[in-house]
Amino acid sequence: MAKRKSTFVCQSCAAVLTQWAGRCESCGEWNTIVEETTNAGVGAGPKSAQAAGSPTQLVPLSGESEDAARIITGIAELDRVTGGGFVQGSAVLVGGDPGIGKSTLLLQAAANLARRGNRVIYVSGEEAIAQVRLRARRLGVSGADVNLASETNVETILATLEQTDRPDFVVIDSIQTLWTDRVESAPGTVSQVRTSAQAMTRFAKKTGAAVVLVGHVTKDGQIAGPRVVEHMVDAVLYFEGDASHTFRILRGVKNRYGPTDEIGVFEMTQLGLKEVSNPSALFLDQRDEGATGSAVFAGMEGTRPVLIEIQALVAPSPLGTPRRAVVGWDSARLSMVLAVLETRCGVRIGANDIYLNVAGGLKVSEPAADLAVAAALISSLSGAPLPSDAVYFGEISLSGGIRPVVHTPLRLREAAKLGFNSAFTGRGGKGEGSTGLNLLEFSSLAELAGRIAASKPKTA
Ligand code: TYD
Ligand code: MG
């Protein structure tokens, strides 16, 4: 019998320790060390057909290659994020908070693929067959030719998949429920998740099926279990959204066969997820026009321009250390914009409580949002509402200058399409003449701050 070995594995970073500790010395997390027993070495997958030590075949780099064959779901927002459909023989990890709609999205995708003539298998380790059927009925896809299984053991799943005709598309919902005989620790632990993911990835490579693994995320937003699963798969998609809003965003964070900065936008309805092909209209839907502290940012998500409302509230602080609360944007970036406003533009803002919110629960990471944030802050501080028909974009440098950003014409075109009349941006953004928009170019933030403050309505 193989020798059993006990190791202590951090559930957060997968570091292996020789003894238990309260805090992982590798990633610094507390209470993440769990004892795991393995008899095949950590991360060992099912044995490959080839014996260890025998040579493999070498091939020239210049050989024939075909473009990766893809299976298209027909759900345009999903196909956009995968880069034009799921690649055959690839493994994809779809992560997201519980209840965000991962199972719903994948069941809809599975049904669509089945309707298009693909062999589809949906393995649920979390729900009973009856529950999956109930959901399918609700989504109006119960007629689709999808084969279901409710199973959590990797060896059983692989045996099932191998006994049928080679499937084109396999969904495993979720990776945290899987367990393999090869590892003795509990399902959901690092070794189990990693070994199971490895087995499923190997199945995808071997048979040419596209395998989708569903993964839950922890409270700090990472896919539970090891990050190493992210390295094992070919693509990682995050499904995010905010429980209080109906729309959901599918974001590619890694993709060996496509773009990583694309998003797909969906709306959760009573009848499942609906595609949103014009997200700007959705994000600007309930805008308070004419309110102070509200600026529309003309942003880019991948290749697609998206207009997003940025809201700021600047209020006198009763505290010695003023509050800073940021939702949907980087708080370090906010500190930078505030420092530039203070020191380069003479705007006294630092002693106030500051709340910043990206409306609709979207997360913005582009530096081009600096200008919209600054405009919203100045507007709230000075009590001067911004023109409701204007968009803002531009990166602020530490010197107080405004730099133009890429894709200016695309941003302007989107703004024009949605009825905006002017755009505030940095100088030299090559946007001239591309739309009928009135382009207001500023070379410094101080110039823009002066203009916004001067527009304050006179009070009696
Ligand atoms: P689900 O796909 O089960 O989420 P996950 O697999 O990510 O945990 O989605 C569950 C939520 O979606 C649940 O709160 C109910 C809601 N929902 C709808 O609003 N409409 C629908 O048609 C379906 C199927 C679910
Ligand atoms: Mg689910």
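The values are calculated or read from the model by the stated rules, or taken from the named source; none is laboratory data. Everything numeric here is computed off the predicted structure, so don't read it as measured data. FYI the Cβ positions are ideal-geometry reconstructions off the backbone, even for glycines, and counts take in every protein chain you see.
Do the conditions hold for Asp165, that is, is it crowded, with 21+ Cβ neighbours inside 10 Å and either acidic (Asp, Glu) or within 16 Å of ligand 1 (Cβ to nearest atom) (or both)? Judged against the criteria, Asp165 is not a match. For segment 273-284, state whether one or more residues are under 27 Å from Asp370 (Cβ atoms), assigned to a strand (DSSP E or B) and out of contact with any Pro (no Cβ under 7 Å at 6 or more places or on another chain). There is no residue in segment 273-284 that is under 27 Å from Asp370 (Cβ atoms), assigned to a strand (DSSP E or B) and out of contact with any Pro (no Cβ under 7 Å at 6 or more places or on another chain). Within this structure, Val327 fails the test of being touching a strand residue (DSSP E or B) at 6+ places or on another chain (Cβ under 8 Å) and assigned by TED's automatic domain parsing to the domain that holds Ser196. Checking each residue in segment 285-305 for being assigned to a loop (DSSP other than H, G, I, E, B) and either under 22 Å from Ile100 (Cβ atoms) or within 16 Å of ligand 2 (Cβ to nearest atom) (or both) picks out Asp285, Gln286, Gly302. With respect to (1) touching a helix residue (DSSP H, G or I) at 6+ places or on another chain (Cβ under 9 Å); (2) in a strand (DSSP E or B), the lone exception for Tyr257 is condition (2). The sole residue among Gly188, Gly221, Gly215 that is surrounded by fewer than 22 Cβ atoms within 10 Å (Cβ to Cβ) and modelled with pLDDT of 70 or more is Gly188.
Restricting segment 39-76 to residues that are at positive phi and surrounded by fewer than 16 Cβ atoms within 10 Å (Cβ to Cβ) leaves a set whose member that is modelled with the lowest pLDDT is Gly41. Residues of segment 394-405 include at least one that is in a loop (DSSP other than H, G, I, E, B) and within 25 Å of the chain's Cα centre (by Cα). Cβ-Cβ distances below 7 Å connect the following pairs, each with a first residue in segment 164-184 that is in a loop (DSSP other than H, G, I, E, B), a second residue that is of a type outside the set (Ser, Thr, Tyr) and within 15 Å of ligand 1 (Cβ to nearest atom), and a separation of six or more residues or different chains: Ser174/Gly125; Ser174/Glu126; Ser174/Val214; Ser174/Gly215; Ser174/His216; Leu178/Gly125; Leu178/Ile172. When residues in segment 312-329 are screened for being more than 22 Å from the chain's Cα centre (by Cα) and either among the acidic types (Asp, Glu) or surrounded by 21 or more Cβ atoms within 10 Å (Cβ to Cβ) (or both), 2 of them pass.
Considered as a group, the residues in segment 122-156 that are part of a loop (DSSP other than H, G, I, E, B) and within 13 Å of ligand 2 (Cβ to nearest atom) include one that is surrounded by the most Cβ atoms within 10 Å (Cβ to Cβ), and that residue is Gly125. Scanning segment 355-377 finds one or more residues that are of a type in the set (Val, Ile, Thr), within 24 Å of Asp330 (Cβ to Cβ) and out of contact with any helix residue (DSSP H, G or I) (no Cβ under 7 Å at 6 or more places or on another chain). One residue alone among Asp242, Asp234 is modelled with pLDDT under 80, of a type in the set (D, E, K, R) and within 17 Å of the chain's Cα centre (by Cα), and that residue is Asp242.
To keep it simple, each residue is scored yes or no on (1) away from ligand 2 (no atom under 16 Å from the Cβ); (2) without any contact (Cβ under 8 Å) to a residue 24 or more places away in the chain.
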{"residue": "Ser62", "(1), (2)": "yes, yes"}
{"residue": "Val87", "(1), (2)": "yes, no"}
{"residue": "Leu93", "(1), (2)": "no, no"}
{"residue": "Gly101", "(1), (2)": "no, no"}
{"residue": "Thr104", "(1), (2)": "no, no"}
{"residue": "Ala111", "(1), (2)": "no, no"}
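So is Ala159 within 16 Å of ligand 1 (Cβ to nearest atom) and surrounded by fewer than 24 Cβ atoms within 10 Å (Cβ to Cβ) or not? No: the conditions fail for Ala159. Exactly one residue among Leu313, Leu271, Leu341, Leu307 is touching a residue at least 40 places away in the same chain (Cβ under 8 Å), touching a helix residue (DSSP H, G or I) at 6+ places or on another chain (Cβ under 9 Å), not β-branched (Val, Ile, Thr) and not assigned by TED's automatic domain parsing to the domain that holds Leu410, and that residue is Leu271.
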